[in-house]
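Take a look at the structure below.
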Amino acid sequence: MIAQELYKKLLENVSKHLAGVEEPVKTMTLALLSRGHTLLEGVAGVAKTTLAKLFAESLGLEFKRVQMTPDLLPSDLIGGKIFDPKTGTFRTVKGPIFTNVLLVDEINRASPRTQSALLEAMQEGQVTIEGETFPLPKPFFVIATMNPVEMVGTYQLPEAAKDRFLTSIDMRFPPREVEVEAVMLDSMRRGLEPSVEPVTSKEEVLKAIEEAQSVDIPRKVAEYVVDLVRATRNKPDVILGATTRAAVHLARAAKANAALNGRKVALTDDVKEVAPYVLTHRLVVEVPSKRLFASRDAALKVIREVLQEVEPPA
């Protein structure tokens, strides 16, 4: 299975420089194979950007990074029209969004105006510049990082933008043994910035995506997906439940998970395994506590309850 081998190679390559990355690498791989995008949340200093960079470098695809700031304009991201005095005409200058893998670092530091420039690209695989539409390269994969703790110079990521991300993962402080391993790995690199060589190619990535999305999902499993999503809307503390797009993304991720396990049919177990990655960032839950990560913990609690309450098909 191409997808299964791809995941193993990516994990092995990234693990050369980072410890305890099995879950985030899997989360990113699921999004990539599902033709989606991924959001890495966590406080500063837990290697979100380094992880995204190593993952992107391992893919062997064209890769660009954009550091989001409050003064960044949409044209700085997607490009624009400029006047060429030699020809006397306007020509299009494409921005960094025209790539295969785009790392959007600290997405919540960009203004809502600039954040919205990503919506068309992430949903439709195209951008519009001065009324002219341009398709983006395939595959097009966005990895965004976000520090939910920072308040100064940041803008809250709208729910519409969060809903565009197929998966997300909360990168909190790792266990003690993982932190010790991180210190040892850095010592072996002598403090140099980690970098890796590609372990795959564009052709192999496209084949893995096609393989993952050709996995069959029985109607009963599709009904289970919809029942889970609908159940999130009926929980008492949930202000906004999962959307129809969430159901579509959950089914895609379940198919990708089946491919990673070498199967050609998605099962309810696949749905259960990927549900926390696909649904958590989409739920808006009423949280009385201001404790760090309280809203995400509350959303995870809702998902666990829903997984227990909704009966899977026989």
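Some values worked out for this structure:
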{"quantity": "Which listed residue, of A258, A266, A222, A242, is out of contact with any Phe, Trp or Tyr (no Cβ under 7 Å at 6 or more places or on another chain), of a type in the set (A, V, I, L, M, F, W, C), closer than 30 Å to V149 by Cα and not assigned by TED's automatic domain parsing to the domain that holds F173", "calculated": "A242"}
{"quantity": "Failed item, numbered, when T145 is tested on (1) β-branched (V, I, T); (2) under 28 Å from S195 (Cβ atoms); (3) in a loop (DSSP other than H, G, I, E, B)", "calculated": "(3)"}
{"quantity": "Conditions (1) closer than 22 Å to A31 by Cα; (2) out of contact with any strand residue (DSSP E or B) (no Cβ under 8 Å at 6 or more places or on another chain); (3) of a type outside the set (G, A, S); number of the one not met by E181", "calculated": "(1)"}
{"quantity": "All helices (runs of 4 or more DSSP H) inside region 42-122 with 3 or more residues being crowded, with 21+ Cβ neighbours inside 10 Å and touching a residue at least 12 places away in the same chain (Cβ under 8 Å)", "calculated": "48-59"}
{"quantity": "Flag if E197 is at negative phi and outside any loop (DSSP other than H, G, I, E, B)", "calculated": "no"}
{"quantity": "Residue that is surrounded by the most Cβ atoms within 10 Å (Cβ to Cβ) [pool: residues in region 149-201 that are of a type in the set (K, R) and free of Cβ contacts under 8 Å to residues at least 12 places away in the same chain]", "calculated": "R176"}
{"quantity": "Exclusive hit being free of Cβ contacts under 8 Å to residues at least 24 places away in the same chain, of a type in the set (D, E) and farther than 30 Å from R291 by Cβ, set E210, E204, E132", "calculated": "E210"}
{"quantity": "Condition broken by A222, with the remaining ones in (1) at pLDDT 95 or above; (2) of a type in the set (A, V, I, L, M, F, W, C); (3) closer than 19 Å to T38 by Cα satisfied", "calculated": "(3)"}
{"quantity": "Qualifying residues in region 258-314 (those that are closer than 23 Å to L39 by Cα, charged (D, E, K, R) and not in a helix (DSSP H, G or I)) - the one modelled with the highest pLDDT", "calculated": "E286"}
{"quantity": "Some residue of region 263-274 being in contact with a Ser or Thr (Cβ under 8 Å, 6 or more places away or on another chain) and closer than 30 Å to K301 by Cβ", "calculated": "yes"}
{"quantity": "Matching residues, region 234-274, being of a type in the set (V, I, T) and in contact (Cβ under 8 Å) with a residue 24 or more places away in the chain", "calculated": "V238, I239, T243, V265, T268, V271, V274"}
{"quantity": "Residue in region 98-115 that is of a type in the set (A, V, I, L, M) and modelled with pLDDT under 90 present", "calculated": "no"}
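For every residue, the table says whether it meets (1) over 12 Å from R35 (Cα atoms); (2) of a type in the set (V, I, T).
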{"site": "A212", "(1), (2)": "no, no"}
{"site": "I217", "(1), (2)": "yes, yes"}
{"site": "V226", "(1), (2)": "yes, yes"}
{"site": "N234", "(1), (2)": "yes, no"}
{"site": "T244", "(1), (2)": "yes, yes"}
{"site": "A256", "(1), (2)": "no, no"}
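Every residue, every condition in (1) over 29 Å from L6 (Cα atoms); (2) of a type in the set (G, A, S); (3) modelled with pLDDT of 95 or more, yes or no:
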{"position": "A52", "(1), (2), (3)": "no, yes, no"}
{"position": "A56", "(1), (2), (3)": "no, yes, no"}
{"position": "L61", "(1), (2), (3)": "no, no, no"}
{"position": "G80", "(1), (2), (3)": "yes, yes, no"}
{"position": "G88", "(1), (2), (3)": "yes, yes, no"}
{"position": "R91", "(1), (2), (3)": "yes, no, no"}
{"position": "K94", "(1), (2), (3)": "yes, no, no"}
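Rundown of residues vs (1) among the basic types (K, R); (2) in contact with an Asp or Glu (Cβ under 9 Å, 6 or more places away or on another chain); (3) surrounded by fewer than 19 Cβ atoms within 10 Å (Cβ to Cβ); (4) under 18 Å from P148 (Cβ atoms), yes/no style:
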site	(1), (2), (3), (4)
V226	no, no, yes, no
R230	yes, no, yes, no
A254	no, yes, no, no
A298	no, yes, no, yes
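The values are calculated or read from the model by the stated rules, or taken from the named source; none is laboratory data. Being a predicted model, the structure only gives us computed values, none of them experimental. Note that each Cβ is placed from the backbone with ideal geometry, even for glycine, and that neighbours are counted across all protein chains shown.
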